[in-house]
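The values are calculated or read from the model by the stated rules, or taken from the named source; none is laboratory data. These figures come from a predicted structure and were not determined experimentally. Note that each Cβ is placed from the backbone with ideal geometry, even for glycine, and that neighbours are counted across all protein chains shown. When the accessible area is computed, the model is the full protein with side chains, heavy atoms only, and any ligands, DNA or RNA have been set aside. Shrake-Rupley method; radii C 1.70, N 1.55, O 1.52, S 1.80 Å.
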Amino acid sequence: MLGEQKFQGIGMTSDRTRQRLIRQLSEAGIDEPHVLAAMSEIPRHLFVEEGIAHRAYENNALPIGLGQTISQPYIVAQMTQILWRRSKHQKLLEIGTGSGYQCAILSRLWDEVYTIERIRELQLNARERLLSLGLRNIHYKAADGYLGWKEHAPFDAIIVTAAAPVIPERLLAQLSDEGVMIIPIGAAEQIQQLILIEKVQGEIKQTEIEPVRFVPMLPGIQT
Ligand code: SAH
């Protein structure tokens, strides 16, 4: 767990704007205290490029380089809240480490977080950032997230932060009994649907949450 000391000197100037964002999130229906607490602890401005750090606490997606984006805070909070309320809080798998921001939030709420990213450079940067924040319960893999992480399966929760055309079978297979997955489904460059998948006594239940827009989940690893 993070000591308060960890955050002294980093981003204290943005504390007020961060609290404003937290108020906006709760007005938008994020009311899980653990999720709001995690969102208010993690300094989002450290996860975006320096030139746009002043925009980090706006409720918008922002570029993180290499054609990828850090998700809108509301969506990060919403996906986290849905999983947090329905899954056990032990093992979680994230597909799409990106900047590491969503991962940082998750690592405050689950015991062990496994995160996979297909662009090695992004993941190396994210790892450095997350370690410098003192977050040590995260396991990293530069690989194709479509394959999941079999050695550590099953997972209580799986979160996919890129849009897949269909639900990836391999990920479904790595979900524990009573496990929960959240994933945007749909074509790239179009509005996609955020889908909640619950395994209940061997049956798969799907629920549409809301329309979203994510970068595409691409097969293979980028070298
Ligand atoms: N969770 C990230 C969001 C990053 S955007 C954050 O908080 O910043 C989505 C990320 O998914 C991109 O970095 C992209 O490279 C990655 N991605 C896309 N397809 C993937 C795949 N098959 N396996 C792993 N990562 C993938």
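Condition first: of a type in the set (Val, Ile, Thr), without any contact (Cβ under 8 Å) to a residue 60 or more places away in the chain and outside any strand (DSSP E or B). Now tell me which residues in the stretch 181-223 satisfy that. Matches in the stretch 181-223: Ile191 only. Report whether or not Ala53 is in contact with a His (Cβ under 7 Å, 6 or more places away or on another chain) and in a helix (DSSP H, G or I). So Ala53 passes the test.
For the condition modelled with pLDDT of 95 or more and open to solvent by 10 Å² or more (accessible area, probe 1.4 Å), what is the one hit in Ala37, Ala104? When all the criteria are applied, what remains is Ala37.
Scanning the stretch 135-167 for residues that are open to solvent by 10 Å² or more (accessible area, probe 1.4 Å) and under 18 Å from Leu196 (Cα atoms) gives Tyr146, Pro154, Asp156, Thr161, Ala162, Pro165, Val166, Ile167. Being touching a Leu at 6+ places or on another chain (Cβ under 9 Å), farther than 13 Å from Thr115 by Cβ, surrounded by fewer than 22 Cβ atoms within 10 Å (Cβ to Cβ) and β-branched (Val, Ile, Thr) is a description that does not apply to Ile191. The helices (runs of 4 or more DSSP H) found wholly in the stretch 76-180 and carrying at least 3 residues that are more than 16 Å from the chain's Cα centre (by Cα), more than 10 Å from the ligand (Cβ to nearest atom) and over 24 Å from Ile204 (Cβ atoms) occupy 120-132.
Give the residue that is nearest to the ligand (Cβ to nearest atom), with candidates limited to residues of the stretch 201-215 that are surrounded by 11 or more Cβ atoms within 10 Å (Cβ to Cβ) and not charged (D, E, K, R). Here the residue is Val215.
Apart from one condition, Thr223 fits all of (1) within 14 Å of the ligand (Cβ to nearest atom); (2) open to solvent by 40 Å² or more (accessible area, probe 1.4 Å); (3) touching a Pro at 6+ places or on another chain (Cβ under 7 Å); the exception is (3). Within the stretch 119-137, residues that are touching a residue at least 24 places away in the same chain (Cβ under 8 Å) reach partners that are part of a strand (DSSP E or B) and of a type in the set (S, T, N, Q) with beta carbons closer than 6 Å, at six or more positions or on different chains, in the pairs Ile119/Gln222.
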